[in-house]
Ligand SMILES: [Fe+2]
Ligand SMILES: [Fe+2]
């Protein structure tokens, strides 16, 4: 039974939409230090929707630019290429992730709000802890639960089993593994692989509920793990499984996190979420 | 009229109002009702102590239990509520699994509430707190009835 479900999930992963061609090209350009601003502009010239989205986000209060940005060239100068990379991805997935997610009981917009909350809280934590090399943390946060979009349907079919008494004290990704043979973190990682995103980002998504099982320690993955709990605790995108996940003590220890860090970031997260989501409307 | 209280907010009202708040994770949901005056309020506070972010607390006292609860009582007194008649119920204050101290915001919210009430000689009439579930609260100000819903199951508090 489990293997049949697993092959159905595999099928859905391969049928999952790829990155739009223009976005894929842009992402490649933006990761290559030899590319030029003109090349990026050339691609975006034929993509008015994507361009408009990027500019709207650029002007979000979250990024704190004082003057209104009206062109991609300006956005690249003021925000930098790494931000632009994040915004291309955000703009491609926003519509898709705005839909309701059955199984996890997330109404329309909630997976997106949760993802934005984890991105912002993860960036906030990385800054608070003065971590470096976490440029991709925003995108890792944004995509950490993307697997729920595929797994939701299967979770819904098995809700009766999932609500079974034996599963009440088990971290939810283990419930998924037990019943479906995989979990939303693994499925999400497969989607990121399909999109050819960087390996560390894929690992952060794959191990966001089980950072202790990751083959190598990643600060980015660790921070996303903690930021996820912040978002759930403050009720942003908290679904059917509620807070039924287990935080890793090894992670909080190696990051040197205190409850003060967590509460401080929590107190700012809602504002970040409303700044970022406002720019999409 | 149905009024929705978002995270870090509070609303008061009277007869005919139903106060609703969704997705109480670690946050505290506090329902206060004066049956004689038929007035009440619902607070959805996120964090225990305002000292973690005084600037935020100045903008919005309802984000924190220590500033939100007194402000809620003050507003209820203004519309005719009396302390001696208040019926107080609490919901939320959940936690993730395990016992990591770093994620005990729910328990800390609850402790700060209990201390505040104790100092002011106020009893908690009923509570549905703790655990990993996320809760939705419906608070009917015509009757004072509080319904808690989680995973589609409703019960009266
Ligand atoms: Fe997750
Ligand atoms: Fe999550």
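Does any residue of region B:89-101 turn out to be more than 12 Å from every other protein chain (Cβ to nearest Cβ) and either more than 30 Å from residue A:174 (Cα to Cα) or at pLDDT below 95 (or both)? Yes, some residue in region B:89-101 is more than 12 Å from every other protein chain (Cβ to nearest Cβ) and either more than 30 Å from residue A:174 (Cα to Cα) or at pLDDT below 95 (or both).
Would you point out the residue of region A:224-241, among those that are within 18 Å of the chain's Cα centre (by Cα) and more than 11 Å from ligand 2 (Cβ to nearest atom), that is surrounded by the fewest Cβ atoms within 10 Å (Cβ to Cβ)? Among residues in region A:224-241 that are within 18 Å of the chain's Cα centre (by Cα) and more than 11 Å from ligand 2 (Cβ to nearest atom), the one surrounded by the fewest Cβ atoms within 10 Å (Cβ to Cβ) is A:226.
If I ask for residues that are touching a residue at least 24 places away in the same chain (Cβ under 8 Å) and surrounded by fewer than 24 Cβ atoms within 10 Å (Cβ to Cβ), which ones from region B:19-56 would you list?
Going through region B:19-56, the residues touching a residue at least 24 places away in the same chain (Cβ under 8 Å) turn out to be B:19-49.
Hits for region B:19-56 are B:20, B:22, B:23, B:34, B:35, B:36, B:37, B:38, B:49.
Looking at A:263, A:212, just one residue is buried (at least 20 other Cβ atoms within 10 Å of the Cβ) and away from ligand 2 (no atom under 16 Å from the Cβ), and that residue is A:263. If you go through region A:119-167 and keep only what is within 14 Å of chain B (Cβ to nearest Cβ) and in contact (Cβ under 8 Å) with a residue 40 or more places away in the chain, you end up with A:121, A:124, A:125, A:128, A:129, A:155, A:156, A:159.
Can you tell me how many residues within region B:57-79 are in contact (Cβ under 8 Å) with a residue 24 or more places away in the chain and either within 12 Å of another protein chain (Cβ to nearest Cβ) or touching a strand residue (DSSP E or B) at 6+ places or on another chain (Cβ under 6 Å) (or both)? Quick ask: steps written out before the conclusion?
Here is the first cut: in region B:57-79, the ones in contact (Cβ under 8 Å) with a residue 24 or more places away in the chain are B:60, B:62-63, B:65-66, B:68-73, B:75-76, B:79.
Those left that are additionally either within 12 Å of another protein chain (Cβ to nearest Cβ) or touching a strand residue (DSSP E or B) at 6+ places or on another chain (Cβ under 6 Å) (or both): B:60, B:62-63, B:65, B:68, B:72, B:75-76, B:79.
Total satisfying the criteria: 9.
For region A:194-222, residues that are more than 14 Å from ligand 1 (Cβ to nearest atom) and part of a helix (DSSP H, G or I) total 11.
Of the residues in region B:118-133, not one is in a helix (DSSP H, G or I), within 12 Å of chain A (Cβ to nearest Cβ) and crowded, with 19+ Cβ neighbours inside 10 Å. Counting residues in region A:97-105 that are within 16 Å of ligand 1 (Cβ to nearest atom) and on the phi > 0 side of the Ramachandran plot gives one or more. Of the residues making up region A:159-179, those that are outside any helix (DSSP H, G or I) and either under 27 Å from residue A:95 (Cα atoms) or within 16 Å of ligand 1 (Cβ to nearest atom) (or both) number 2.
The values are calculated or read from the model by the stated rules, or taken from the named source; none is laboratory data. In this text the structure is predicted, and so the values were computed from the model without any measurement. With ideal geometry, Cβ positions are generated from the backbone for all residues, glycine too; neighbour counts draw on all protein chains shown.
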